Amino acid sequence: MKFINLDQQYRKIEKTVKANIDKVLEHGQFILGPEVQLLEQKLADHIGVKHCITVANGSDALLVSMLALDIKAGDEVIVPAFTFIATAEMVSLIGAKPIFIDIDPETYNLDPEKIEAAITAKTKAIMPVSLYGQCADFDAINTIAQQYNLAVIEDGAQSFGATYKGKPSCNLSLIGCTSFFPTKPLACYGDGGACFTNDDDIAEKIRELRVHGQARRYHHTSIGINSRLDTIQAAVLLAKLEIFTQEIERRRENAEIYNQRLKDYVKVPKIRNYNESAFAIYTIETKQRDRLQKTLHERGIPTAVHYPLPLNLQPAFAENHQSLQVPTAQYVAEHVLSLPLDPYFTAAELHQVADAIIEHLSIHASRHSVVA
């Protein structure tokens with residue numbers, strides 16, 4: 001069993017992918033070619049925003065968004081303490097300071113109730129992560145941001161295809177960012193990312209920043225970076241976009257199989273009633289995480305831990321943040337386990353995973369009662 005079945009997806013769209021790539025090879029516009037422009041328009045239309053600007057990867061999407069907002073050294077950006085390091089890493093890379101706050105124990109997303117206490121005169125933005133495919137509570141976050149005149153940048157690297165109160169991820173704040181890394185819900189065959197906004201000036205600034213701050217050829221209005229989506233990757237994404245809605249529905253159906261089988265044995269994902277998750281990652285919570293992971297590995301079932309440390313304890317940040325108290329993030333990091341899930345797993349395969357989990361936990365519970 002694989003953790004994700006990219007090979008099965010490819011077999012479904014092989015003819016379209018090859019035809020799209022052949023067109024790129026024929027016209028030879030490998031950087032910002034016509035497929036990139038077409039993809040940007042289709043992605044913007046898909047989530048209902050004015051502007052989509054593709055970049056080389058999801059991390060760069062966060063970086064150029066902050067640069068477009070003139071966030072710089074000495075500024076502070078509020079981020080969740082529990083997520084992939086890229087969120088906070090990009091803040092540090094421009095010389096700003098990530099301010100870690102604790103997470104909601106149900107959704108694992110940034111806890112809006114913790115935000116105001118973290119705001120200082122140096123705070124310039126809030127960067128909530130829509131973790132595992134479920135959007136953060138953007139109404140609450142945006143309300144606080146408006147009160148304190150802060151920008152909100154959604155890190156939607158895992159949530160493209162999700163909705164919050166009927167509105168798509170990446171269209172919930174001033175700027176939305178996503179990733180097209182191969183394991184994401186919408187993924188290319190390499191690295192890729194995008195920024196989304198309804199603000200014309202910000203969109204133009206991001207377009208310049210992704211090509212060395214260039215407003216027109218060899219005329220640079222700012223210091224930017226080199227972050228362009230390859231035309232071949234755009235061609236791949238155009239093929240995948242044709243089946244994307246169908247795949248998201250299938251992800252939700254497969255997640256529901258896990259939910260029904262496992263809800264009495266582990267903590268399954270808690271999706272708010274106003275949210276629809278993209279289920280980029282299906283993650284359970286259990287006090288037997290390490291032993292269960294070992295058992296599943298022995299049975300040929302791959303798992304992963306997203307993520308084993310809260311960001312304040314990562315060596316890159318620990319010197320300045322190790323004394324920070326984020327008890328929910330700490331607890332979750334010690335107990336979460338991600339299971340195989342994508343649109344191409346059969347019900348039988350998912351039941352196989354569930355059977356192995358239930359058997360392990362039932363045996364352990366039985367042994368526990370004997371000891372007790």
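The values are calculated or read from the model by the stated rules, or taken from the named source; none is laboratory data. These figures come from a predicted structure and were not determined experimentally. Quick reminder, even Gly has a Cβ in these numbers, built from the backbone with ideal geometry, and neighbours come from all protein chains shown. Side chains included, ligands, DNA and RNA excluded: accessible areas come from the protein's heavy atoms. Shrake-Rupley method; radii C 1.70, N 1.55, O 1.52, S 1.80 Å.
Some values worked out for this structure:
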item	result
Carbon/sulfur fraction of accessible area - the chain, other protein chains in place, 1.4 Å, %	50
Percentage relative contact order, region 163-206, counting C-alpha pairs under 8 Å, at least six apart	32
Estimated FRET transfer efficiency (L241, D355; beta-carbon r; R0 30 Å; 0.05)	0.30
The chain: antiparallel DSSP beta bridges as a percent of all, rounded to 5	65
Positive-pole candidate from M127, C195, A162, dipole of region 93-236, charges at beta carbon	C195
K294 versus A140: modelled label distance in nm, points set 7 Å from Cα along the beta carbon direction	3.8
Greater than 31 Å apart at Cα, pairs in K167/K287; K114/K167; K18/K184; K72/K165; K122/K205; K2/K240	K167/K287; K72/K165
Mean accessible surface per residue for the chain, computed with a 1.4 Å probe while every protein chain stays in place, in Å²	44
The chain: relative contact order in percent, alpha carbon pairs under 8 Å with at least 6 residues between	21
Cβ crowding within 10 Å averaged over residues, with 9-18, 130-139, 326-335 ranked highest first	130-139, 326-335, 9-18
Percent of Cα-Cα distances greater than 18 Å, calculated over region 201-324	74
Per residue convex hull volume, Cα atoms of the chain, in Å³	141
For region 65-224: Kirkwood Rh in Å [reciprocal of mean 1/r, alpha carbons]	16.0
Protection proxy ranking, peptides 145-151, 195-201, 286-292, average beta carbon neighbours within 10 Å, highest first	195-201, 286-292, 145-151
Extension reserve of the N259-K165 stretch, reckoned as 0.36 nm per residue once the Cα distance is removed	31.7 nm
Region 26-91 and region 95-169: distance between their alpha carbon centers, rounded to Å	17
Dipole magnitude of the chain, debye to nearest 20 (Cβ charges: Lys/Arg +1, Asp/Glu -1, about Cα centre)	480
Value of [θ]222 nm, deg cm²/dmol, for the chain, DSSP H segments ≥ 4, -39500 (n - 2.57) each, nearest 500	-13500 deg cm²/dmol
log10 of Debye I(q)/I(0), alpha-carbon scatterers only, for region 277-372 at 0.11, 0.15, 0.17, 0.19 Å⁻¹	-0.43, -0.72, -0.86, -0.97
Exposure of S65 as accessible area (Å², to 10), given a probe of 1.4 Å and all protein chains	0
